[in-house]
Amino acid sequence: MRLNALAIFAVLYLVVLYAPIMLLPMFAFNSGTIIAFPLQGFTLDWFAALLDTPALHEATVNSLIIAVSTAIFSTILGLFAARAATRYGFPGKAGIVGFIMLPLVLPEVIVAISLLIVLMQLGLNSGTWSIIAGHTLICTPFAIAILQGSFSNMDKSLEEAAIDLGETPWSTFRLITLPLVSPGIIASLLICFTISLDEFIIAFFLSGNEPTLPVYLWGQLRFPARLPVVMALGTILVLLSVALLIIAETFRRRGLKRAGLKDTGGFL
Amino acid sequence: MSQTRPPIVTLTGVQKYYGDYHALRGITANIGQGEFFSLLGPSGCGKTTLLRAIAGFEDISEGQILLDGKDMEGVAPNKRPTNMVFQSYAIFPHMSVAENVGFGLRKSAMSVSEKRNAVGQALEMVGLAKFGARAAHALSGGQRQRVALARALILKPKVLLLDEPLSALDKKMREVMQVELIKLQREVGITFILVTHDQEEALVMSDRIAVMFEGEIAQLADPETLYRRPNSRRVAEFIGMMNFLPATVQGETAGRISVEVQGLGPAELEPAQAPGGVRAGAAEIGLRPESLTLLYEGQAAEGGREASGTVREVVYYGDMTYYDILLDGTPAPVRVSMRNMPGRRVLEFGARARLAWDPRAMVLFS
Ligand SMILES: Nc1ncnc2c1ncn2[C@@H]1O[C@H](COP(=O)(O)OP(=O)(O)O)[C@@H](O)[C@H]1O
Ligand SMILES: [Mg+2]
């Protein structure tokens, strides 16, 4: 009885969560131009339409530049912060780490508005680089969280053992530290890339006349005729994000296994 | 014997502060070439700190560390003639057993085949000849320990430092590895400095032991001296079990110390039986449980040195029985251990008992 209630709840929960997303591919492959049931027939036209929309290509290139830069910057910052937080003790450490992690729970709209105000005060134009800055701000906590896991899983005496056996600090980093945290680095790169690629609010506030993919998508919603195309683009984005997250999680688990550790509830 | 060996490690007034915390309070010791030397003490007394200072992982605040006659001030760990077996073993998890063992040879001028031979020999030495290709994370505790040993010894260090290397193993494996470590040390002839909080382990394995409390060496001696002639009550309590009986020092004449021991009677001691010094007046006499002997019906003590009391506790171990016996006229019971033998009855709780004692087994703490 109790089990049944729980099962029903679980199924309902999953339906509410994923049914709307399942609508995306349904209408993306539907030949009717109006988003309504019943479905008309199968077509790839909407995906083809994506190919000859230059504005979309520009938005894609923009998004990729931003996502790749964000992933790299956040992961590098995360590496330093995570290494410092797990290896050294310093005064005010807990407070500093707490503040670095804060953007994780700060409403993005607040971050976006603050950044916009700062840019305006400085008399600077918003644009791609300001979105990169904003995205790095919100992605760095994720990078730290992932990399902190990698570093704290790593026995401190491994590095000392390498030095004891004649290696320099740099060759120790290369031969021991990097291989052991590299799954974490890859996971961090992929997750930051995905977050940046999907992020809308900051990009919307700061993109000016160089929209990112989500901002372009939003703009297209005004044209009912373009809706099926939007559905096709949305389908691709969802699939890409899911694929990237799965790859990231795979790397994170491989890292644990390599360090000979059990999974203690993942980051995802 | 060990005093005659030329020193390989010389510690002079070594002090270490962590902020305000005084972790090492002036450590002075010579450790001989080829010696099996142990640092023994309770957790937190500074053993690891001293070992890491010798390895170069901690800078010392004051004093001097000489390795093979050279001052180690400012010398990085990778430039010191020491290698370390870490408490966690620190086996590189992303490498095979052979890669771990050969890691230290990376920068050596040896050819590939020479390196392979050296790794093979090192693995053979620790009994892992067939395990070279095994992934490091697929090893048991005892095997990891051996890999760590092989990896450190392949560089033929002048001094091998071991930080509680056996504490992660179960009792049986620990005893096996104790014997193997002793054999290995004799075989390679390298100086071993072992950190342990286990007095039995230190007694079994070492040529000499430095007993440490709160950043200081309380006594430095060979295992037998440490056990038979501890120089303070604290050392005596830390090494094995010892009874302490109230006593009075009555005088010292012609190299003999006369004491009156409560519950036992008068005794004459040699100066060596008071390694911590003699002062007239109230003192304590230390006696190990095995140097008190239960007398059975018809037995008489040598020289009439006997005392009687009541059995307050009987703990039967099979080969041994431990008794707590309250001697007449004393406030606290003494512990006596007796080997169980055919025809020797185990006394029962509450029974009367007679004890023989030997003044030569006594230690005086003034
Ligand atoms: N890096 C450090 N910073 C501050 N205190 C330390 C540090 N390392 C050790 N200590 C302190 O020094 C004392 C001795 O530590 P340690 O040498 O590890 O003891 P042992 O190995 O004998 O158990 C302990 O009280 C410990 O808390
Ligand atoms: Mg220790």
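The values are calculated or read from the model by the stated rules, or taken from the named source; none is laboratory data. Owing to the predicted nature of the structure, the values given are computational and were not obtained by experimental measurement. Neighbour counts are summed over all protein chains in view; Cβ atoms, including those assigned to glycine, are modelled from backbone coordinates with ideal geometry. Areas reflect the complete protein model, heavy atoms only, side chains present, ligands, DNA and RNA absent. Shrake-Rupley method; radii C 1.70, N 1.55, O 1.52, S 1.80 Å.
Of note:
- Chain B - Rg and Dmax from Cα coordinates, angstrom: 24.7, 77
- Three-way shape label, segment A:1-147, alpha-carbon gyration tensor, a/c 1.5: oblate
- Note on chain A: helix-only mean residue ellipticity at 222 nm, from DSSP H runs of 4+ residues weighted -39500 (n - 2.57) and normalised by residue number, equals -24500 deg cm²/dmol.
- Of the residues making up segment B:75-95, those losing 50 Å² or more of accessible area when the isolated chain is joined by the remaining protein chains, with a 1.4 Å probe, are B:N78, B:F86, B:F92, B:P93, B:H94.
- Solution diffusion estimate, µm²/s, Stokes-Einstein, segment B:1-140, Kirkwood Rh from C-alpha pairs, 10 °C, viscosity 1.306 mPa s: 91 µm²/s
- About the Cα centre, charge dipole magnitude for segment A:54-258 (Lys/Arg +1, Asp/Glu -1 at Cβ), debye: 300 debye
- Look at the dipole of the protein assembly as shown built from charges on Cβ: of B:G46, A:A55, B:T196, the Cα furthest out on the positive end belongs to A:A55.
- Rounded to the nearest whole Hz, the Karplus-based 3J(HN,Hα) values (6.51 cos²θ - 1.76 cosθ + 1.60, θ = phi - 60°) of segment A:150-155 follow the sequence 4, 6, 6, 6, 8, 4, with x at glycine and proline.
- C-alpha center-to-center spacing [segment B:234-266, segment B:274-328] in angstrom: 12 Å
- Cross-link reach is defined here as a Cα-Cα straight distance under 19 Å, omitting same-chain residues fewer than 8 places apart; for B:K107 the lysines meeting it are B:K79, B:K115, B:K156, B:K158.
- Tensor-based shape of chain A (alpha-carbon gyration tensor, a/c under 1.5 rounded, otherwise prolate or oblate): prolate
- Note on chain B: with charges restricted to the Cβ of Lys and Arg (+1) and Asp and Glu (-1), its dipole about the Cα centre is near 1260 debye.
- Protein heavy-atom accessible surface, 1.4 Å probe, per residue over segment B:243-365: 51 Å².
- Under a model in which nothing but the beta-carbon of Lys, Arg (+1) and Asp, Glu (-1) is charged, the protein assembly as shown shows a dipole of about 980 debye around its Cα centre.
- Shape analysis of segment B:243-365 based on the Cα gyration tensor places the equivalent ellipsoid semi-axes at 28, 14, 13 Å, largest first.
- Gap separating the Cα centres of segment A:173-243 and segment A:64-125, nearest whole Å: 18 Å
- For segment A:135-268, the fraction of C-alpha pairs farther apart than 22 angstrom is 52 percent.
- Three principal axis extents describe the C-alpha atoms of segment A:189-245; from largest down they are 35, 25, 13 Å.
- Cysteines not pairable in the protein assembly as shown (beta carbon separation under 4.7 Å absent): B:C45
- Accessible area per residue in Å² at 1.4 Å probe, computed on segment B:4-58: 36 Å²
- Rg/Rh for segment B:309-366, where both radii come from Cα atoms and Rh is the Kirkwood radius: 1.00
- Each of A:A10 and B:S113 was given a label point 7 Å from its Cα along the Cα-to-Cβ line. The distance between the two points is 6.2 nm.
- Hydrodynamic estimate: the Kirkwood radius of the protein assembly as shown over Cα pairs, inserted into Stokes-Einstein at 20 °C and 1.002 mPa s, corresponds to D of 69 µm²/s.
- Of the solvent-accessible surface of chain A, computed with a 1.4 Å probe and all protein chains present, 75% belongs to carbon and sulfur.
- Note on chain B: dipole from Cβ charges, positive end direction compared against B:G309, B:I217, B:T10; the farthest Cα belongs to B:T10.
- With Cα atoms defining each centre, segment B:1-40 and segment B:142-215 are spaced 17 Å apart in the structure.
- Its DSSP H runs of at least 4 residues, each contributing -39,500 (n - 2.57), put the calculated 222 nm mean residue ellipticity of chain B at -6500 deg cm²/dmol, to the nearest 500.
- Lysines with Cα under 25 Å of B:K171, excluding same-chain neighbours fewer than 8 positions away: B:K47, B:K183
- Placing R0 at 45 angstrom, the Cβ-Cβ distance between B:S258 and B:Q121 gives a FRET efficiency of 0.15 after rounding to 0.05.
- Distance in nm between pseudo-label sites at A:I110 and A:Q40 (7 Å out along the Cβ direction from Cα): 4.6 nm
- Acute angle (nearest 10 degrees) that the helix A:2-28 long axis makes with the longest principal axis of chain A, alpha-carbon atoms: 60 degrees
- Bridgeable lysines around A:K93 (alpha carbons under 26 Å apart, same-chain partners fewer than 8 residues away excluded): A:K156, B:K16.
- Backbone geometry of segment B:232-246 corresponds, through the Karplus equation with coefficients 6.51, -1.76 and 1.60 at θ = phi - 60°, to 3J(HN,Hα) couplings of 8, 4, 5, 5, 4, 5, 6, 9, x, 10, 8, 8, 10, 10, x Hz, x marking Gly and Pro.
- Computed from the C-beta positions of B:M320 and A:I246 and an R0 of 56 Å, the FRET efficiency is 0.35 to the nearest 0.05.
- Karplus 3J(HN,Hα) series, Hz, for segment B:198-213 with 6.51 cos²θ - 1.76 cosθ + 1.60 (x for Gly, Pro): 9, 4, 5, 4, 5, 5, 5, 9, 8, 6, 9, 10, 9, 8, 10, 10
- Sparsely packed trypsin sites (Lys or Arg not before Pro) within segment B:234-282, loop by DSSP, other Cβ within 10 Å at most 15: B:R279
- Considering only A:A19, A:G134, B:G120, the residue lying farthest towards the positive end of the dipole of the protein assembly as shown is B:G120, judged by Cα position with unit charges set on Cβ.
- Rounded tilt (10° steps) of A:54-87 against the dominant C-alpha axis of chain A: 20 degrees
- Solvent-accessible area buried by pairing B with A, both sides, nearest 100 square angstrom, 1.4 angstrom probe: 1900 Å²
- Simple label model, 7 Å out from Cα along Cβ direction - A:S171 to A:M26, nm: 6.3 nm
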